[in-house]
Amino acid sequence: MIVESAQPDRCEDPSSKVRGGKTQVASFWSSNPCGSGLAGGLEPGTPEFFEVTEAIRYRREPFVRDFAQFEKWKGQWVLEVGCGMGADLSMFARCGARAFGLDLTYTGSSLASRRLQHLGLVPRVTVGDSERLPFRDGTFDLVYSWGVIHHTPNTDAAAMELMRVARPGGKLVVMIYNRRSLVVLQAYLMYGLFRARPLASLKEIIASHLESPGTKAYTVNEVRQLFAGLKDLRVTPVVTPYDLRLGRNRFMPSWVAALVPSNLGYFLVVEGTKPGETGSSVL
């Protein structure tokens, strides 16, 4: 495999990619890699850790497979932006994709690399910034990012970067949080109404209390504006277990999701194609 052909074309010290508000974001995810809490105390980076976190992830969010379509990308160039511990990245690689991962934190990129090595796969993972992707224009057949760019300060710039590195005719699959969801309603009740702050803004509550500092959530129309450069653009709301949460690790039965209007789901999944003639990757 010619790994060098997909190396970044901008040579930078990885630490220089984390500046301003991203420092707090990077610090949060370095201390709390997404999904690591599912391991039940297992040592991070061990085979048991990877196996348990993967099993729970796809049991809790089975719809990820429907959107990622891991098997579809065999032999094609795939970039995951914000790969975290590498569960989805490893699935693309196991299904034969030429899969590359990028994460804002060394913790995430290191765990993703170790997961791939545990599976006997080549770890093509780097530390990087979604607002300044270190790859050439038109590089990837699929650019995939699941629950990531709403955490970076300049989400608009990140969306433009995802589109930039996709090849003409290439596909984007991106998940972004929905502001008009049951999760956000729960946050408003807990941190607004129940704390005698009925006029607190949703944006402030989301930024202060949902995951890393500065997190954002969007409406369907706002997401369409973010990715207006794509053709065949589709935004699908998905009801998640987090919309049905009863406690920190207690959820309503999964069948309850069928009773909830889909537009109230916490996840908005963006799918679209970069305009231009379909052709092979530049790599």
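So the values come out like this:
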{"quantity": "Which numbered condition residue 253 fails, given (1) touching a helix residue (DSSP H, G or I) at 6+ places or on another chain (Cβ under 9 Å); (2) closer than 30 Å to residue 97 by Cα; (3) exposed (fewer than 12 other Cβ atoms within 10 Å of the Cβ)", "calculated": "(2)"}
{"quantity": "Region 106-128: number of residues that are touching a Ser or Thr at 6+ places or on another chain (Cβ under 8 Å), buried (at least 23 other Cβ atoms within 10 Å of the Cβ) and not in a helix (DSSP H, G or I)", "calculated": "2"}
{"quantity": "Count of residues meeting criterion [touching a Leu at 6+ places or on another chain (Cβ under 8 Å) and assigned to a helix (DSSP H, G or I)] in region 70-91", "calculated": "3"}
{"quantity": "Residue in region 165-184 that is surrounded by 24 or more Cβ atoms within 10 Å (Cβ to Cβ) and assigned to a loop (DSSP other than H, G, I, E, B) present", "calculated": "yes"}
{"quantity": "Residue 208 being small (Gly, Ala, Ser), without any contact (Cβ under 8 Å) to a residue 60 or more places away in the chain and either touching a helix residue (DSSP H, G or I) at 6+ places or on another chain (Cβ under 8 Å) or assigned to a loop (DSSP other than H, G, I, E, B) (or both)", "calculated": "yes"}
{"quantity": "Flag for residue 101 being without any contact (Cβ under 8 Å) to a residue 40 or more places away in the chain, surrounded by 14 or more Cβ atoms within 10 Å (Cβ to Cβ) and at positive phi", "calculated": "no"}
{"quantity": "Selected residue (only one of 215, 139 is of a type in the set (S, T, N, Q), surrounded by fewer than 21 Cβ atoms within 10 Å (Cβ to Cβ) and in contact with a strand residue (DSSP E or B) (Cβ under 9 Å, 6 or more places away or on another chain))", "calculated": "215"}
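Any read-out appearing in this document is the output of simple, stated calculations on the displayed coordinates, not a laboratory observation. The shown structure was predicted, so the numbers you read here are calculated from the model rather than taken from an experiment. Note that each Cβ is placed from the backbone with ideal geometry, even for glycine, and that neighbours are counted across all protein chains shown.
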